Amino acid sequence: MTTQVDSRVRGQIESVIGGVQNLPTPPIVFTQIQKVLNNPNASAFDIAAILQEDAAISAKVLKMTNSAYYGLTRAIESVRQAVVIIGLDSIKNLVLSASVFEMFAKDQIDAEFQDWFWRHSLATAFAGRMLARNLKCNVGFDPEAGFSSGLLHDIGKMIISVFMTEERQKIKDLREQKPDLTDLAAESEVLGYNHTQIGSLLGAQWQLPANLVEAIEFHHFPQSTPTEENNLPYLTHIANYLAKLAFEVDPDEDEVVIEPMQSEALDHVGITEQDIMVHVLPLKEEYLKAETFMEMAKGMG
């Protein structure tokens, strides 16, 4: 099964997205940061200058930099200092996190779902970064790109939850009638398209990098990725599985009730499922340090 959007379905999704009132758009600082980071000559001063134009985002970036997650031995007091200490790529992901959380902070329509959603998204982001750093495999992965794609891989589900409430109820009803259906299959049956396709079009509207947009669309079936050299969908596919394995599988149950990894993805990367299993405990430990991120997601930051 592939999820590539044909022109007819693309038109349907664009119509839906275009008809959404108050569709979240990234803060200006996010767009500016994206442009500056594409410049190989960008400096810490350039990034800090942009961040300082948005006091709210700056405060959140500083709070996350000083959180237990980064475990720094001294307090970071300025954005410029934060950029120098933890690096441009990490700052980009903090801005991405703060921006996405801010975009949806007021849309508390289904608090229980949204709490699960952000926890799973963050777990997948941390898993992506961890796997990229530690997997011994056939391909190279970018840890910070792994974080970004993990954070955003299911963003289409948030659009369905917040802006398509009637359709979401139909999807939930269908899942109850057919518990063996995956979210992806249920969405496709009800809508004619799914959250990965919504997410990829949204990512394109947000002017996210092309490899990240592809990772959002193809994270369930990375072997269908049209850009052969883009390994990010494979990393996101595996990170999504690891996050579910760590936090959604009951160790006392006999059967694993999550969607399995694609064997083609394992073959492409050159790993076995056991190579993934050894990261379950480290991911849980890393996630425990990330409560500040969840506070941001809940609008408490």
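Results, tabulated for the structure shown:
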read-out: Among the residues listed as A127, A132, the single one being under 24 Å from H237 (Cβ atoms), in contact with a Phe, Trp or Tyr (Cβ under 6 Å, 6 or more places away or on another chain) and in contact (Cβ under 8 Å) with a residue 24 or more places away in the chain; value: A132
read-out: Filtered residue count, the range 12-63, keeping only those that are without any contact (Cβ under 8 Å) to a residue 12 or more places away in the chain, within 16 Å of W206 (Cβ to Cβ) and assigned to a helix (DSSP H, G or I); value: 2
read-out: One residue from A246, A265, A239, A297 being at pLDDT 95 or above, outside the structural domain of L96 (by TED's automatic domain parsing) and not acidic (D, E); value: A239
read-out: The range 207-233 residues that are touching a residue at least 40 places away in the same chain (Cβ under 8 Å), paired with ones that are in a helix (DSSP H, G or I) and surrounded by fewer than 16 Cβ atoms within 10 Å (Cβ to Cβ) (beta carbon under 8 Å, 6 or more apart); value: Q207/T31; P222/E264; Q223/E264
read-out: Residues (more than 24 Å from the chain's Cα centre (by Cα), at pLDDT below 80 and either among the β-branched types (V, I, T) or surrounded by fewer than 13 Cβ atoms within 10 Å (Cβ to Cβ) (or both)) located in the range 24-58; value: P40
read-out: The one condition in (1) polar (S, T, N, Q); (2) part of a loop (DSSP other than H, G, I, E, B); (3) under 13 Å from E102 (Cβ atoms) that T73 fails to fulfil; value: (3)
read-out: Looking only at the range 79-106, and only at residues there that are part of a helix (DSSP H, G or I) and without any contact (Cβ under 8 Å) to a residue 40 or more places away in the chain, the one that is nearest to I159 (Cα to Cα); value: L94
read-out: Elements of type helices (runs of 4 or more DSSP H) contained in the range 128-236, each with 2 or more residues being more than 23 Å from F113 (Cα to Cα) and at pLDDT 90 or above; value: 143-152, 210-218
read-out: Top-ranked residue of the range 282-297 - restricted to ones that are of a type in the set (A, V, I, L, M, F, W, C) and touching a residue at least 12 places away in the same chain (Cβ under 8 Å), ranked as surrounded by the fewest Cβ atoms within 10 Å (Cβ to Cβ); value: M294
read-out: Subset of the range 219-234 (residues that are in contact with a Ser or Thr (Cβ under 7 Å, 6 or more places away or on another chain) and over 24 Å from T25 (Cβ atoms)); value: H220, F221, S224, P233
read-out: Failed item in (1) surrounded by 18 or more Cβ atoms within 10 Å (Cβ to Cβ); (2) aromatic (F, W, Y); (3) assigned to a helix (DSSP H, G or I), with W116 passing the rest; value: (1)
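The values are calculated or read from the model by the stated rules, or taken from the named source; none is laboratory data. Being a predicted model, the structure only gives us computed values, none of them experimental. Note that each Cβ is placed from the backbone with ideal geometry, even for glycine, and that neighbours are counted across all protein chains shown.
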